[in-house]
Amino acid sequence: FSSYEIIGPGKTMSFIALSPMFVAFLASIVLNERLTTGVVTGTLLIVAGVVVLARESSIEVRESQSTRAVLLIPIAAAVLISVSVILRKFALDAGVPPLTAASINASSALAAATPIVLARHGRELLKTDRRAVKEFAVASVLMTVAFTVYLLGLRVTPASTFFQIIQTQP
């Protein structure tokens with residue numbers, strides 16, 4: 001979300017599209033998945049697209065008087081997302097049902113983020129536009145359904161292949 005504010009959602013999601021590269025690499029090492037020609041080719045195409053986008057974004061960032069270091073924010077997010085995919089695959093392979101996994105994910109995020117948000121924004125939260133809260137609530141319900149379907153797919157598909165497909169969202 002920080003990256004959305006700084007460089008915009010389109011570019012952020014495109015940089016986060018590097019995560020399949022990290023997932024493929026981690027899945028081959030940690031999960032002993034075999035990297036197929038299709039996975040390697042798809043990953044290289046994604047990386048090539050991100051390199052082109054990075055050059056364009058770098059020029060825009062310079063023109064906005066920001067440092068190019070802000071581009072590291074979505075790349076760091078891509079690495080963290082990749083590690084979380086590998087951990088989720090471990091949990092699903094251990095028998096955790098997808099809906100339970102989605103519930104654990106949402107509950108853990110709430111427990112981790114709430115104290116930080118309250119400490120940082122406390123009384124400002126009371127000034128939040130109610131329409132925005134409703135939009136986030138609807139988006140969150142949709143995301144929970146999507147995430148449950150996501151976990152169903154991850155459960156039955158190798159992480160390196162699955163994540164290449166799911167990352168077509170940008």
Flagged pairs (Cβ under 7 angstrom, 6 or more apart or on separate chains; first in segment 33-53, closer than 16 Å to MET13 by Cβ; second assigned to a helix (DSSP H, G or I) and among the basic types (Lys, Arg)) are LEU53/LYS11
Those residues of segment 7-24 which are more than 14 Å from LYS89 (Cβ to Cβ) and surrounded by 15 or more Cβ atoms within 10 Å (Cβ to Cβ) amount to ILE7, LYS11, THR12, MET13, SER14, PHE15, ILE16, ALA17, LEU18, MET21
With criteria (1) open to solvent by 70 Å² or more (accessible area, probe 1.4 Å); (2) touching a Lys or Arg at 6+ places or on another chain (Cβ under 9 Å), LEU92 comes up short on (1)
Exactly one of GLU124, GLU135 is surrounded by 11 or more Cβ atoms within 10 Å (Cβ to Cβ) and either modelled with pLDDT under 85 or not basic (Lys, Arg) (or both), and that residue is GLU135
Residues that are farther than 19 Å from SER84 by Cβ and in contact with a helix residue (DSSP H, G or I) (Cβ under 9 Å, 6 or more places away or on another chain): does segment 22-34 have at least one?
yes
Condition check: open to solvent by less than 50 Å² (accessible area, probe 1.4 Å), modelled with pLDDT of 85 or more and not charged (D, E, K, R). Does VAL70 satisfy that?
no
Scanning segment 147-160 residue by residue, those open to solvent by less than 50 Å² (accessible area, probe 1.4 Å) and either at positive phi or assigned to a helix (DSSP H, G or I) (or both) turn out to be PHE147, THR148, TYR150, LEU151, GLY153, LEU154, ALA159, SER160
Checklist entry - If we scan segment 10-26, do we find a residue that is assigned to a helix (DSSP H, G or I), modelled with pLDDT under 85, within 15 Å of the chain's Cα centre (by Cα) and of a type in the set (Val, Ile, Thr)? => result yes
Expected single match for within 21 Å of TYR4 (Cα to Cα), at pLDDT 85 or above and of a type in the set (S, T, N, Q) among THR114, THR157, THR168, THR100 is THR114
Sole miss for PHE163 among (1) without any contact (Cβ under 8 Å) to a residue 40 or more places away in the chain; (2) of a type in the set (Phe, Trp, Tyr); (3) under 23 Å from TYR4 (Cβ atoms) is condition (1)
Scanning segment 111-121 for residues that are open to solvent by 70 Å² or more (accessible area, probe 1.4 Å) and either closer than 23 Å to PHE15 by Cβ or charged (D, E, K, R) (or both) gives ARG120
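The values are calculated or read from the model by the stated rules, or taken from the named source; none is laboratory data. Treat the numbers as computed from the prediction; the structure is a model and nothing was measured. When we count neighbours, we look across all protein chains shown, and the Cβ atoms used for this are built from the backbone with ideal geometry, even at glycine. What goes into the accessible areas is simple: the full protein's heavy atoms, side chains included, and nothing from ligands, DNA or RNA. Shrake-Rupley method; radii C 1.70, N 1.55, O 1.52, S 1.80 Å.
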